[in-house]
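To start, the structure itself, in structure tokens.
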Amino acid sequence: MTTSMAKGATAVLRSLSRASPGIRGGCSSGVRALSVGWSRRPEERPQPSHCFKGVLFGLWGVVAKPSFSRHEEAWEKQKMVPVGTFRRFATVEGGAIQKVLDGEIGTTEGGARMMQELMDEGVVGCETLTPMDLTGQIRRILEAGHVNAEIQDVIKCLRFDGMQTGLLCHQWQNPGKSISTPEQIRAKQDLQRHFNAIVESKDEKMGRLDPKFYRLAAARTGVEPHELIYVDSRAQHLEPAKAIGMAVVHSLKPESTVQELEELLQVPLRGFSWSEVSAEVNKAPSLSYT
């Protein structure tokens, strides 16, 4: 190896060392390999300056995403409704679309409720719509829903590093009144293996705005609230988690969510190759349904 090549390799190793602080509590056995070809063993990873032992995730808008497409835009133009109406109303706290996503109401009732929401706001063109028009569009959004691949990779990283992970939702085991296609069911089965606990507010008979629900979630993962980070796309769900001492991340985009988690945990959560650790990562952790 030439002198210049040796210096270059040393520089790369140093940069990787700076970029790869570990997570307190250690890692599972094996090597998490960087996609550029370098690897670092768990015992070589330095200790972080922050102490977090787990991360909890909200379901819709974080782990799973409803799917909007050009089809929606074409439909809105055809109906002479402002483009982006469905996307905007999907973010309404406690709105019809969110309740359908959570499985609290069915798509037919969701269409009727959204019709009322549009009328109450005076959305241009809503007078030409019917509840069944909206029901059909909500169904298309649901049927095209998918697991967020970037967040799924983050969850795998956390599990591999020995972190506790949890999923918080209205309901999980039963689809309730929402749609669950065969593809979505298979995705759920694959995803649930990477959580230590799945806590459903419906089964617990607790509201998502009740701090007790988040205390229960912490207890189910065996981690104190101040040692947990909670990630959700809905701001109203973050407040009760924050009130009991959890660090919170408002998830608006996958890229910014991953970056904020990396900053809090001081550990890289992307850019890894799973080929060398697939057997380790895909082991099913003990799952606590609640």
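Restricting attention to region 93-112, the residues that are loosely packed, with under 14 Cβ neighbours inside 10 Å and of a type in the set (V, I, T) add up to 0.
Here is a list: A243, A218. Which entry is crowded, with 21+ Cβ neighbours inside 10 Å and over 14 Å from the mean Cα position of the chain (by Cα)?
Result of the check over A243, A218: A218.
The set of residues from region 225-236 being open to solvent by 10 Å² or more (accessible area, probe 1.4 Å) and in contact (Cβ under 8 Å) with a residue 24 or more places away in the chain comprises E227, S233, R234, A235, Q236.
Contact annotation: residue pairs with Cβ atoms under 7 Å, 6 or more positions apart or on different chains, pairing a residue in region 80-97 that is free of Cβ contacts under 8 Å to residues at least 12 places away in the same chain with a partner that is in a helix (DSSP H, G or I), are V83/E73; V83/E76; V83/K77. Filtering V124, V83, V147 for residues that are open to solvent by 10 Å² or more (accessible area, probe 1.4 Å), among the β-branched types (V, I, T), out of contact with any Ser or Thr (no Cβ under 8 Å at 6 or more places or on another chain) and under 30 Å from A247 (Cβ atoms) leaves a single hit, V147.
Residues in region 59-78 that are in a strand (DSSP E or B) and either among the polar types (S, T, N, Q) or open to solvent by 50 Å² or more (accessible area, probe 1.4 Å) (or both): K65 alone.
If you go through region 197-215 and keep only what is open to solvent by less than 30 Å² (accessible area, probe 1.4 Å) and farther than 30 Å from E143 by Cβ, you end up with just Y214. Where helices (runs of 4 or more DSSP H) fall wholly inside region 79-146, the ranges with 2 or more residues that are within 19 Å of H237 (Cβ to Cβ) are 85-90, 96-102. For region 160-199, how many residues are in a helix (DSSP H, G or I) and either within 13 Å of the chain's Cα centre (by Cα) or at pLDDT 90 or above (or both)? The qualifying residues number 3.
The values are calculated or read from the model by the stated rules, or taken from the named source; none is laboratory data. As the structure is a prediction and not an experimental result, all values here were calculated from the model. Virtual Cβ from ideal backbone geometry, glycine too; neighbours counted across all protein chains shown. Side chains are part of the model used for accessible areas, which takes the heavy atoms of the whole protein and leaves out ligands, DNA and RNA. Shrake-Rupley method; radii C 1.70, N 1.55, O 1.52, S 1.80 Å.
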